[in-house]
1. Considering only segment 451-473, I want to know if a residue exists there that is surrounded by 20 or more Cβ atoms within 10 Å (Cβ to Cβ), more than 24 Å from I526 (Cα to Cα) and in contact with a helix residue (DSSP H, G or I) (Cβ under 9 Å, 6 or more places away or on another chain).
2. For Y576, are the conditions met, namely being in a strand (DSSP E or B) and either closer than 30 Å to D636 by Cβ or not assigned by TED's automatic domain parsing to the domain that holds V147 (or both)?
3. Just checking, which of S160, S183 is over 30 Å from F664 (Cα atoms) and among the polar types (S, T, N, Q)?
4. Which residues, taken from segment 636-654, are surrounded by fewer than 16 Cβ atoms within 10 Å (Cβ to Cβ) and part of a strand (DSSP E or B)?
5. Pairs under 6 Å by beta carbon, first residue of a type in the set (K, R) in segment 53-73, partner in a strand (DSSP E or B), six or more apart or different chains?
6. Surrounded by fewer than 22 Cβ atoms within 10 Å (Cβ to Cβ), closer than 22 Å to G419 by Cβ and either at pLDDT 95 or above or not charged (D, E, K, R) (or both), is that true of I488?
7. Looking for whichever is closer than 20 Å to G519 by Cβ, in contact (Cβ under 8 Å) with a residue 60 or more places away in the chain and of a type in the set (G, A, S) here; the options are A552, A599. Which one fits?
8. Residue under question is Y329, and the condition is that it be over 23 Å from the mean Cα position of the chain (by Cα), at pLDDT 90 or above and not in a strand (DSSP E or B); does it hold?
Amino acid sequence: MNKNDSATLTIQFKNLSVIIFLVNLFIFISPPAWAAITGTIKGSVTDADSNEPLQAVNIVVQGTVRGASADADGHFVIKKMPPGTYTLRASMIGYRTVSIADVKVLADRETELKITLQETTLEYDPIVVLAGKMEQRLDEASVSMSVVTSKDIEQRNPTSIIEALETAPGVNFIGEQINIRGSTGFTFGAGNKTLLLLDGVPVYASDTGAFNWDMLPPLDIEQIEVLKGAGSTLWGSSALGGVVNIITKDPKPEGELLFAFAAGKYDKPYYSEWEWTDPNRLHYTREDISYSKRLGNLGFRVSAGRFFSTGYTVLGDFRKYNLTAKADYRFNNGIKWTVYSAYSKINKGFFVQWKGQNDPYEVDVTNLKNRGKVNQLNLYTKLAVPFSSRFAINARASMNRSLLGNQFGREADFNPAYGQGGEIQADWIPYPGHVVTFGLQYQDDSGSTKYFGKHEGYFLGPFIQDEWKTRHNLRITTGLRYDRYKLIGGLKEDLFSPRFGVNWQPWEKTSLRMSVGSGFRAATIIERFLEHSIMNFKIKANPALKSESSWAYDVGIRQYINRDWNVDVSVFLNDYWELIEAHLDLIRGQIQFRNIPRARIQGVEATTNFSYPVYLLGLNWTPGIQASLTYMDHEDMKYHEPLTYRPDVLATVKTSVKVKNFNFQADYRYASEIAEVKIYPINDRVPMKFVDMRLDYDISLFTIQLGVVNLLNYNYAPRESNLMPMRTFTAGLKGRL
């Protein structure tokens with residue numbers, strides 16, 4: 001790290017310190033609102049079948065900002081509750097959420113409860129925070145969402161966040177760019193129309209807008225939430241077509257050591273003529289370890305990981321390293337302070353396109369030196385302060401430092417890109433059934449390189465949202481956000497993001513929802529200013545590139561057929577203005593990011609979750625099915641052509657059968673043929689048809705996993721001249737101590 005880099009990093013930490021100092025000053029000079037006469041709720045949580053205590057169960061007092069987490073013995077305590085009658089909700093991954101009504105709290109008294117939770121194969125009613133920045137059940141949200149739990153991740157044994165997300169309804173990847181209902185397409189890695197959050201904190205690279213899907217190991221993830229449609233009212237810039245929030249695991253009440261080992265062996269190519277090296281040497285390995293523990297009020301979690309692969313193509317090799325740490329301190333008055341850091345280092349080959357259709361795993365000799373390096377550091381600190389049972393403040397400060405190197409086939413002169421930000425959010429419940437969330441967010445992004453110069457931009461955005469439970473079964477949500485975006489020495493824009501939503505439960509097992517919301521995304525530095533030649537193309541800058549915006553309309557129903565079966569159907573329409581896409585001029589050999597004046601993506605999505613225990617041959621078989629189908633019609637409204645790199649149909653079917661210590665799983669992933677591409681529009685294209693199979697065996701605290709990815713050895717290229725991996729045999733071992 002050079003002197004300039006060190007000075008810049010020092011400035012970032014000084015900015016974080018100022019924000020934290022101001023927040024602490026505000027907290028400790030405020031009057032002690034909790035000093036009124038109050039009562040206490042205490043109790044225990046156990047497994048309904050084994051009667052064993054359950055730790056880390058999340059307990060929330062509905063209609064308040066109070067809650068607790070069960071300790072190592074399953075006990076919990078919620079203090080400073082005003083006298084009254086409340087409803088509690090207990091939730092935990094892998095168990096059915098339960099509500100306990102008519103819990104009476106008396107002044108200076110303790111109310112004791114005993115709660116039991118029933119284990120479940122599938123998550124039918126998960127708790128989410130992405131919809132409204134407060135915890136709520138999925139069937140209470142007014143927007144369409146999907147959830148990937150830690151249990152799903154453990155069963156799939158993924159080696160990256162991409163693999164954990166690739167079977168989520170309405171989600172598909174083109175390269176490493178995520179599409180939620182076709183939002184992004186493919187823009188050569190620059191700019192995503194989806195916002196990626198880590199525990200609610202933006203983590204995109206501040207100069208390119210790219211995502212580092214290897215920033216933390218899958219072992220660290222508690223839950224991934226996917227919001228479908230515009231989400232800028234609460235989450236700000238880049239939430240144009242959706243939001244992905246990765247929630248990391250909290251420290252466990254008692255010491256826990258987790259480890260995971262995965263290995264894969266690539267099979268021979270479908271055609272022997274495609275072999276470019278000895279297939280026996282092509283493999284990958286991944287090792288992760290994590291430890292967490294609570295010591296009184298202090299909890300911590302640390303993890304480390306290594307991911308190595310020879311790759312299945314020339315320049316497909318990589319080495320990736322992770323180091324993460326999380327700590328929290330819970331004060332006796334309910335205040336919680338959290339600090340998190342994640343460091344990743346990547347050294348990999350840079351495969352741009354194949355040598356030819358007869359050599360799809362090789363590159364032209366002129367590209368053999370293409371390498372890519374990434375060093376990224378993510379930091380955040382949060383402070384949660386419950387001033388009373390109905391008012392709380394949450395403050396956070398964050399920084400993202402990313403450094404690219406050796407890109408585009410030559411020694412690059414990249415400097416670190418910095419993204420720093422802060423947010424203060426207040427949650428106020430003026431009276432039962434009425435939740436007001438308001439706050440202010442600041443984000444500053446900067447980057448410099450000889451390819452696009454030195455640039456910096458920032459936005460400042462106040463926001464407010466009001467969720468009003470007008471009846472016991474009707475919730476109405478309204479919200480508004482204003483953002484001022486300023487590019488230093490350049491343009492400035494004023495952006496408004498309103499939102500309106502309704503959730504109505506006319507019957508106990510039926511949830512109807514409707515939402516209308518707006519989103520926006522300011523163009524990244526690299527989209528506006530990059531000037532460079534790569535292969536046979538020249539990338540041309542476009543400083544006048546406008547911010548893109550969207551309106552998302554969604555109507556849906558979630559129907560519980562019974563306690564083991566639900567169906568969710570939604571109809572959506574997303575209108576985009578000034579959509580940023582890469583324009584390719586084949587005659588001049590130029591690439592430039594330009595605005596499409598108007599575009600539209602509309603369609604329908606259906607998902608179902610089903611499981612039912614069956615007794616056969618004296619054994620208890622528990623089959624489970626999760627299936628989804630997304631149909632999309634996408635169009636450039638100016639030229640009435642399909643948008644590029646978007647399939648019309650996405651489908652997934654995930655099945656599992658558990659009997660005793662065995663669990664067999666089979667997944668099917670389908671994406672229809674992509675109608676329009678940029679570089680080689682006349683080349684043949686095929687749909688994606690992937691079948692994956694896995695077998696798990698539990699031995700005490702350990703799980704052995706065997707599997708086959710792409711069982712049929714299907715050849716598929718989501719973008720031109722880039723085949724996805726051939727059939728791959730996998731093995732894994734994971735456990736907890």
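1. Keep residues of segment 451-473 that are surrounded by 20 or more Cβ atoms within 10 Å (Cβ to Cβ), which gives 452, 455, 457, 459, 461, 463, 465, 467.
After this cut, where a residue has to be more than 24 Å from I526 (Cα to Cα) as well, the list is 463, 465, 467.
Subset that is in contact with a helix residue (DSSP H, G or I) (Cβ under 9 Å, 6 or more places away or on another chain): 463, 465.
Within segment 451-473, one or more residues are surrounded by 20 or more Cβ atoms within 10 Å (Cβ to Cβ), more than 24 Å from I526 (Cα to Cα) and in contact with a helix residue (DSSP H, G or I) (Cβ under 9 Å, 6 or more places away or on another chain).
2. Working: in a strand (DSSP E or B): yes; either closer than 30 Å to D636 by Cβ or not assigned by TED's automatic domain parsing to the domain that holds V147 (or both): yes.
The answer is yes for Y576.
3. Details: S160 fails: over 30 Å from F664 (Cα atoms).
Just a single option satisfies the conditions, and that option is S183.
4. Within segment 636-654, E641, V649 meet the criteria.
5. Correct list of pairs: R66/I78.
6. Working: surrounded by fewer than 22 Cβ atoms within 10 Å (Cβ to Cβ): yes; closer than 22 Å to G419 by Cβ: yes; either at pLDDT 95 or above or not charged (D, E, K, R) (or both): yes.
So I488 passes the test.
7. Numbers: A599 fails: in contact (Cβ under 8 Å) with a residue 60 or more places away in the chain.
Residue meeting the stated conditions: A552.
8. Values: over 23 Å from the mean Cα position of the chain (by Cα): yes; at pLDDT 90 or above: yes; not in a strand (DSSP E or B): no.
For Y329, the condition - over 23 Å from the mean Cα position of the chain (by Cα), at pLDDT 90 or above and not in a strand (DSSP E or B) - is not met.
The values are calculated or read from the model by the stated rules, or taken from the named source; none is laboratory data. In this text the structure is predicted, and so the values were computed from the model without any measurement. Please note: Cβ atoms are built from the backbone with ideal geometry, for glycine as well, and neighbour counts cover all protein chains shown.
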